[in-house]
Amino acid sequence: MKRKGKLFPDARKDIRVYLRMIRLLNRYNPGWLVLLLGVLMDGALPFVAIWLSSLLLDALYAGRPVTQMMALALAGAGVSLVMTALKHFSVRQKNVMWWGMQHRMAEPLMRKTMEMDYALTENARVRALRARQDEYRKKERDVFERFLEQLELLLAALVRLIFSVITVWPFFAGQLSGGRRETALFTAAAAAALLFSLLLNHWSVRKQGARRQAIHFEHEDENRLNTYMMDEVVLSNEAGKDIRIFHQQRMMESYGEQMNRNWRRMTRQYAANDIRHFGLQGLLSACMGGIVYLYVAFCAWAGSISTGSVVRYAGAVWQFIQAATDLSASWNWLHHDRMQMDEYLEYLDLKNEMKKGTIPVEKRKDGRFLVEFRNVSFRYPGSERYALRNLNVRLNIGERMALVGRNGSGKTTFVKLLCRLYDPTEGTILLNGVDIRKYDEQEYRRLFSVVFQDFQIFSFSMGENIAGSTRVDEERAMDAIRRVGLEGLYRKLPEGLRTMLNRDFSDTGMEISGGEAQKTAMARAIYKDAPFVILDEPTAALDPIAENEIYTGFHEIIGKKTALFISHRLSACRFSREILVFENGNVVQQGSHETLAEEEGLYRKMWQAQAQYYR
Ligand code: ADP
């Protein structure tokens, strides 16, 4: 058992993982089983030839009529033909499945990514897992393609192994038990020699794979440089301007040389490893061939088998050897690929930890919602520092509120907590007096329309971007467009709301500017029609005229909703009734612009610092 453990390390865990991969494969590619038909045919086909030639030879030696032999040959050819046709049918189905497989197997990843706690998406390990999947997909075949490829080889080898044992076994058993003593001894010796060679071969394949993996890890950091150079420098359009202006050619060349040195060193190590083991495996294969032919010749000489049987048994034993070596090779590949599979499955198995409540959110026509932060403190996962500390704030519906403060003072974090992207580390957030963790998460999120600083505009249609859905209420979308002042852009769209943005999928797609993108994101927030509208630096990408339009039209844009906006431009804060001044994760001042501008404190300092530019 221990020995087996060494030859097939971790075999049980391996098999468990493969079975799970197969279940996933089956769920998303129900047609994959047709592949087994091909595997079966592939494994069985060589035996048709082996059996046919042996039967023909025996018939020839026995002096059977030529018609009988022709019938035999025809039957053999017919069987081969049918099997080959089945195999091709399976290959065709497999190819059809293969093309879309990468995307289908991305589906569980996509679902998981969209459904996991937001906090997880920012977790370092989770990011690393995702980056790795991305890396595999870009560089090589992705995890399922590799898995299926090796599984196919493994199963085909298994089929051949089974057929060869079935073919050879009666003879082997006969030689061991029924024949002369020398024959039995010789048979046992040949079998032992073969088995030993196979084990040695397996050992070599395993060593070769382990070393290959070790080389890969040894050079992992260098490979990161290589990928970076290829993606960001060699094939990058963006780097061109800086390279010219700052004369960076020399620097790039020196890193390029380093990259080439890395490649050379690594490939030399790979080649040395391969030559050593391929050499040994070749030698073993030759030895095994020698043993088989010597043995079969001996049997033929001793008169214990017919000429036809010589062909059949020699062929079958040879298939056995090939199948066993293939089996050990694909087993090893699968074993070494298991790390990728583990990572894929680890990602799918990530557990959501945020409490999921069930209480529905009260549907209030009057929109009276009161949100309260009570002694809220928060640290980002894995961080020692508090991003918010002992915060107490009340937000009333219908109010305009501005959050101001230096970079890193906690404003965006406050918004993330408010929308329940994170839960507080300490303290509670209440909606109409109830802890927000008790509400149904989806319902609670419906209350908020947020334009984050790093909002995303997709290269889908304008309408879809605003509606956040493939079903677009055109009237509502147009209203949102008007309110944020995007009519100018709208008039330029050749297909109206159906015009694709950017050129990723459509040659006639509309490239939009940073400011237009920001307004589109705002239109999306208006379209959602949630009671709370939150804008994080809503005008950073706008020109001063557009910015002024936004702020003067703010009341119209927001309507009766509660609006919260984060801005560095204090002039914009004058439009809000209440201003919260953040400093080091806390609200240090609160009040209207007029009162705060009079009060001694951070707000006045910031206001004066900015005002001097406008005087
Ligand atoms: P502001 O919006 O006022 O500029 P933030 O709320 O973005 O400030 O950041 C508050 C603090 O939290 C900063 O010190 C920032 O570095 C830290 N922080 C923000 N996002 C993360 C994160 N995902 N992980 C760890 N720390 C973060």
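The table below lists the values:
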read-out: Sulfur and carbon atoms: percent of accessible area, the stretch 263-305 [1.4 Å]; value: 71 percent
read-out: Antiparallel content of DSSP bridges confined to the chain, in %, to 5; value: 50 percent
read-out: Debye log10 I(q)/I(0) for the stretch 71-133, one point scatterer per Cα, at q = 0.17 Å⁻¹; value: -0.73
read-out: Estimated [θ] at 222 nm from DSSP helical runs (n ≥ 4, -39500 (n - 2.57)) normalised by residues in the chain, nearest 500; value: -21500 deg cm²/dmol
read-out: Per residue, in Å², the accessible surface of the stretch 490-598 once ligands and nucleic acids are set aside, probe 1.4 Å; value: 46 Å²
read-out: Within the accessible area of the stretch 10-148 (1.4 Å probe), percent carbon and sulfur; value: 64 percent
read-out: Sequence-distant aspartates and glutamates (8 or more away, or on other chains) whose Cα lies within less than 19 Å of LYS241; value: ASP231, GLU232, GLU253
read-out: Rg(Cα) / (2.2 N^0.38 Å) computed for the stretch 224-272, rounded to two decimals; value: 1.33
read-out: In nm, spacing of pseudo-spin labels at LEU60 and GLU232 (7 Å Cα→C-beta vector); value: 6.8 nm
read-out: Radius of gyration and maximum dimension Dmax of the stretch 487-533, Cα, Å; value: 12.0, 38
read-out: Per residue value of the accessible surface for the stretch 366-474 (all protein chains in place, 1.4 Å probe), Å²; value: 45 Å²
read-out: Inter-probe distance in nm under a simple model that places probes 7 Å from Cα toward Cβ, at GLU475 and ASP14; value: 6.5 nm
read-out: Helical segments meeting 27 Å axial Cα length and Kyte-Doolittle 1.6 threshold in the chain (DSSP H); value: 34-61
read-out: Three principal axis lengths of the stretch 1-101 [C-alpha, angstrom, descending]; value: 57, 42, 14
read-out: Calculated FRET efficiency for the pair ILE22/ASN392, C-beta based, R₀ 60 Å, to 0.05; value: 0.65
read-out: The chain: Cα Rg divided by the 2.2 N^0.38 Å rule of thumb; value: 1.41
read-out: Value of Rg to Rh for the stretch 272-392 (Rh from inverse mean 1/r over Cα pairs, i.e. Kirkwood); value: 1.53
read-out: Taking all pairs of distinct alpha-carbon atoms in the stretch 502-615, Kirkwood radius in angstrom; value: 15.9 Å
read-out: Amide H partners (placed H, <5 Å) of GLY427, local residues excluded; value: SER377
read-out: Sequence-distant residues sharing a close amide H with ALA387 (under 5 Å, placed H); value: PHE378, ARG379, TYR380
read-out: Percent accessible area from carbon and sulfur atoms, the stretch 497-614, protein chains only, probe 1.4 Å; value: 49 percent
read-out: Global size of the stretch 98-210 as Cα Rg and Dmax, reported in angstrom; value: 24.3, 76
read-out: Under 20 Å from the Cα of LYS355 - aspartates and glutamates, other chains or at least 8 residues apart; value: GLU115, ASP117, GLU122, GLU372, ASP423, GLU426, ASP435, ASP440, GLU441, GLU443
read-out: R0 of 22 Å, Cβ-Cβ distance ARG224-PHE458: FRET efficiency to nearest 0.05; value: 0.15
read-out: Residues with amide H under 5 Å from that of GLU583, placed H, sequence gap 5 or more; value: VAL588
read-out: The stretch 317-383: Rg to Rh, with Rh as the Kirkwood radius over Cα pairs; value: 1.46
read-out: For a label point 7 Å along the Cα-to-beta-carbon line of ALA131, residues of the stretch 343-381 with backbone N under 17 Å; value: 343-344, 347
read-out: Cα-projected label distance for GLU257 with ILE245, points at 7 Å along beta-carbon direction, nm; value: 2.8 nm
read-out: Gain upon complete extension [THR113, ILE359; 0.36 nm per residue less C-alpha separation]; value: 86.1 nm
read-out: Proximal lysines to LYS492, defined as alpha-carbon separation beneath 28 angstrom and excluding residues fewer than eight positions away on the same chain; value: LYS519, LYS528
read-out: As computed over the stretch 392-538, the Cα convex hull volume per residue (Å³); value: 138 Å³
read-out: Length gained when the stretch ARG577-ARG276 is fully extended (0.36 nm per residue, less Cα-Cα span); value: 100.6 nm
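The values are calculated or read from the model by the stated rules, or taken from the named source; none is laboratory data. Owing to the predicted nature of the structure, the values given are computational and were not obtained by experimental measurement. No Cβ is skipped: glycine too gets one built from the backbone with ideal geometry, and neighbour counts run over all protein chains shown. With ligands, DNA and RNA removed, areas are computed over all heavy atoms of the protein, side chains included. Shrake-Rupley method; radii C 1.70, N 1.55, O 1.52, S 1.80 Å.
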